[in-house]
Amino acid sequence: MLNTFKRFLCPHGLTLALYSALTAVSLDKLVRHFATAIPESWDYAIYYWNLWWVKYALFTLHRDPMFTNYVLYPNTINLSLHTHNLALGLLTLPLQYILDLKLIFNGMLVGSFIATGYFTFLFLRRHVQSDWLATLGGALFAFTPMAISRASSGHLHLLQTWLIPLQLILWENLIAPDHLGRRLLKAAGLGLIV
């Protein structure tokens, strides 16, 4: 049992530690001021507002968060034609009751790099013989110049690339021969993130 745990922990723990270190280096200013600052750009405000708006619309105004007159008052606009990401707002709802929105926003920025690298590592590990190559592939996919640039602008909706390798893993699991009940559960999980 202990040997199995060590075999699991070694590549996964080291990989997560590497991706965490690369994230800290890539987003050094954000990581240093994690609890007190948000990215320095004009764009961050709309993504920050998006997270706040979902909670406010649902629990204070009791209305559909996909429509608002808070942006171009008195006109009501449809946020599906906007960079609004309802899924991220819903995902952060429980956290918004216990943490400051700055922590949640920054956590999503930092976490997206680590999750993208790790899920890519898990996907590649199925297809290459070397954990080192899978780790390298995860780092190359997660830490592209475009992703780092988008993080410095606070573009949350463009940083959710962790969904790509996760979807690939779920697709592979779905088409693998398995019990019908498990395949239906995998299909439901895939449907939730697609």
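The values are calculated or read from the model by the stated rules, or taken from the named source; none is laboratory data. Keep in mind that this is a model prediction, so the values were computed, not measured. Note: areas computed on protein heavy atoms with side chains; ligands, DNA, RNA excluded. Shrake-Rupley method; radii C 1.70, N 1.55, O 1.52, S 1.80 Å.
L81 accessible area, nearest 10 Å², 1.4 Å probe?
150 Å²
Once every DSSP H run of n ≥ 4 in the chain is given -39500 (n - 2.57) and the sum is divided by its residues, what mean residue ellipticity at 222 nm do you get, rounded to the nearest 500 deg cm²/dmol?
So the calculated ellipticity at 222 nm is -21000 deg cm²/dmol.
Using amide H atoms built in the peptide plane, which far-off residues or other-chain residues are under 5 Å from F67 H to H?
L79
Any idea what % of Cα-Cα pairs in the stretch 80-194 are farther than 17 Å?
63 percent
Starting from the Kirkwood Rh over alpha-carbon pairs, what translational D in µm² s⁻¹ does the stretch 97-149 have by Stokes-Einstein at 4 °C and 1.567 mPa s?
In µm²/s, the coefficient rounds to 108.
In a Debye calculation with equal point scatterers on the alpha-carbon sites of the chain and no solvent, what is log10 I(q)/I(0) at q = 0.08 Å⁻¹?
Once normalised to I(0) and log-transformed, intensities are -0.33.
For the stretch 44-58, in order, what is each residue's ³J(HN,Hα) by Karplus, 6.51 cos²θ - 1.76 cosθ + 1.60 with θ = phi - 60°, in whole Hz (x at glycine and Pro)?
4, 4, 5, 6, 5, 4, 4, 5, 5, 4, 4, 5, 5, 5, 6
Using a 1.4 Å probe on the protein chains only, how many percent of the accessible area of the chain belongs to carbon and sulfur?
Carbon plus sulfur share of accessible area: 69 percent.
Read phi for every residue in the stretch 160-167 and hand back ³J(HN,Hα) as whole Hz from Karplus 6.51 cos²θ - 1.76 cosθ + 1.60, θ = phi - 60°, with x for Gly and Pro.
Going residue by residue, I get 8, 6, 4, 5, 5, x, 5, 5 Hz, with x marking Gly and Pro.
Show log10 I(q)/I(0) for the stretch 1-114 at q = 0.11, 0.12, 0.17 Å⁻¹, two decimals, from a solvent-free Debye sum over equal Cα scatterers.
-0.49, -0.57, -0.90
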